[in-house]
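**Student:** Handing you this structure, nothing more for now.
The values are calculated or read from the model by the stated rules, or taken from the named source; none is laboratory data. As the structure is a computational prediction, the values presented were derived from the model and not from experiment. Cβ: placed from backbone, ideal geometry, glycine included. Neighbour counts: every protein chain shown.
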Amino acid sequence: MLLHVSNLTKRYGHLTALSEVSFSIRPGEVLGLIGPNGSGKTTLFECLGGVLPADAGSVSDDGRGLTADERRARVFYLPDGIAPWPAQTVRWALEFITGFFGETGGRPFQGRRGGPERPALQSDTVIQELALEPLLDSPIGTLSKGQRKRVLLAIGLLTPQPILLADEPFDGLDLRQTREVAQTLRAHASAGRTMFLSIHQIADAARVCDRFVLLSGGRVCGEGTLDELSAMAGRREREAGQPARRNLEEVFLALT
């Protein structure tokens, strides 16, 4: 287990945005956070990424609670819908990220418990994977939504933290781009980077993710692979005399 989130709770006055949220993040997996708008997905990512303080709960590694600094060393949060350094070019942004983490102690991704290191990424590799070459000299503020999304993903992939939280990584991408980005994310997971993706479109999640956390109304309604979640849904449906659910969308509806 890479991280365990236990009973994470976030309130805004009388509104409880997250209620005792618990789940695990495993090394080298693509974990999907699935839920409708307003379910608490972004709030959860902001709490995990250190943007918001949680009101209760913990994040631990093998039973040991992590400090804020230790969590920042493990997790990089990539928000949705931002345009960092809008007057700067894509080339400048990628060079800044690689230089920043090099100068501030960024290291290659390392295996657990001091295991073998995997080489730090080169920006050229990410540029090629995300087809950014034609955009390198364009100011970020002039990019379309889909182009900006690919640049943001490149920034995230160039960071050294072993866990990347990406909020809506496919938003603004067309079908072909979505498939290409999904393949890129899966390739990075296969190389040892853990991807935790908040995804609104369930069909996209089903194509790219290994496991899922189902969130509804600020609560976790299920966690596991599609087969494991299907089994959970099946037990409920048998009790209710309903037909078994087959795909992720039907399973989500059955469990929420």
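**Student:** Which one of these does Gly192 not meet: (1) under 30 Å from Pro134 (Cβ atoms); (2) surrounded by 20 or more Cβ atoms within 10 Å (Cβ to Cβ); (3) of a type in the set (Gly, Ala, Ser)?
**Tutor:** (2)
**Student:** Further question on the same structure: Filter the stretch 9-52 down to the residues that are closer than 12 Å to Gly217 by Cβ, among the small types (Gly, Ala, Ser) and free of Cβ contacts under 8 Å to residues at least 40 places away in the same chain and list them by number.
**Tutor:** Of everything in the stretch 9-52, just one residue is closer than 12 Å to Gly217 by Cβ, among the small types (Gly, Ala, Ser) and free of Cβ contacts under 8 Å to residues at least 40 places away in the same chain, namely Gly38.
**Student:** Also, I was wondering about something else. Quick one: is Ala17 at pLDDT 95 or above, out of contact with any Leu (no Cβ under 8 Å at 6 or more places or on another chain) and more than 27 Å from Asn247 (Cα to Cα)? Break it down stepwise before answering.
**Tutor:** Values: at pLDDT 95 or above: yes; out of contact with any Leu (no Cβ under 8 Å at 6 or more places or on another chain): yes; more than 27 Å from Asn247 (Cα to Cα): yes.
Answer is yes for this residue.
**Student:** Here is a further query. Assigned to a helix (DSSP H, G or I), out of contact with any Lys or Arg (no Cβ under 8 Å at 6 or more places or on another chain) and over 28 Å from Ala56 (Cα atoms), is that true of Ala182?
**Tutor:** On the way: assigned to a helix (DSSP H, G or I): yes; out of contact with any Lys or Arg (no Cβ under 8 Å at 6 or more places or on another chain): no; over 28 Å from Ala56 (Cα atoms): yes.
Against the criterion (assigned to a helix (DSSP H, G or I), out of contact with any Lys or Arg (no Cβ under 8 Å at 6 or more places or on another chain) and over 28 Å from Ala56 (Cα atoms)), Ala182 does not qualify.
**Student:** If you don't mind, there's one more thing I want to ask. Have a look at Pro160, Pro169 and point out the one that is closer than 16 Å to Thr98 by Cα, under 17 Å from the mean Cα position of the chain (by Cα) and not aliphatic (A, V, I, L, M). Full working, then the answer.
**Tutor:** Numbers: Pro169 fails: closer than 16 Å to Thr98 by Cα.
Testing whether each residue is closer than 16 Å to Thr98 by Cα, under 17 Å from the mean Cα position of the chain (by Cα) and not aliphatic (A, V, I, L, M) leaves just Pro160.
**Student:** Then there's this: Is it the case that the stretch 241-248 has a residue that's hydrophobic (A, V, I, L, M, F, W, C), part of a loop (DSSP other than H, G, I, E, B) and at pLDDT 90 or above? First the steps, then the outcome.
**Tutor:** At the first step, the residues of the stretch 241-248 found to be hydrophobic (A, V, I, L, M, F, W, C) are 244, 248.
Those left that are additionally part of a loop (DSSP other than H, G, I, E, B): 244.
Now restrict to residues that are at pLDDT 90 or above: none.
No, the stretch 241-248 contains no residue that is hydrophobic (A, V, I, L, M, F, W, C), part of a loop (DSSP other than H, G, I, E, B) and at pLDDT 90 or above.
**Student:** Being modelled with pLDDT under 95 and touching a helix residue (DSSP H, G or I) at 6+ places or on another chain (Cβ under 8 Å) is true for just one of Asp167, Asp171. Which residue is that? Show your work before the answer.
**Tutor:** Numbers: Asp167 fails: modelled with pLDDT under 95.
After ruling out the rest, the residue left standing is Asp171.
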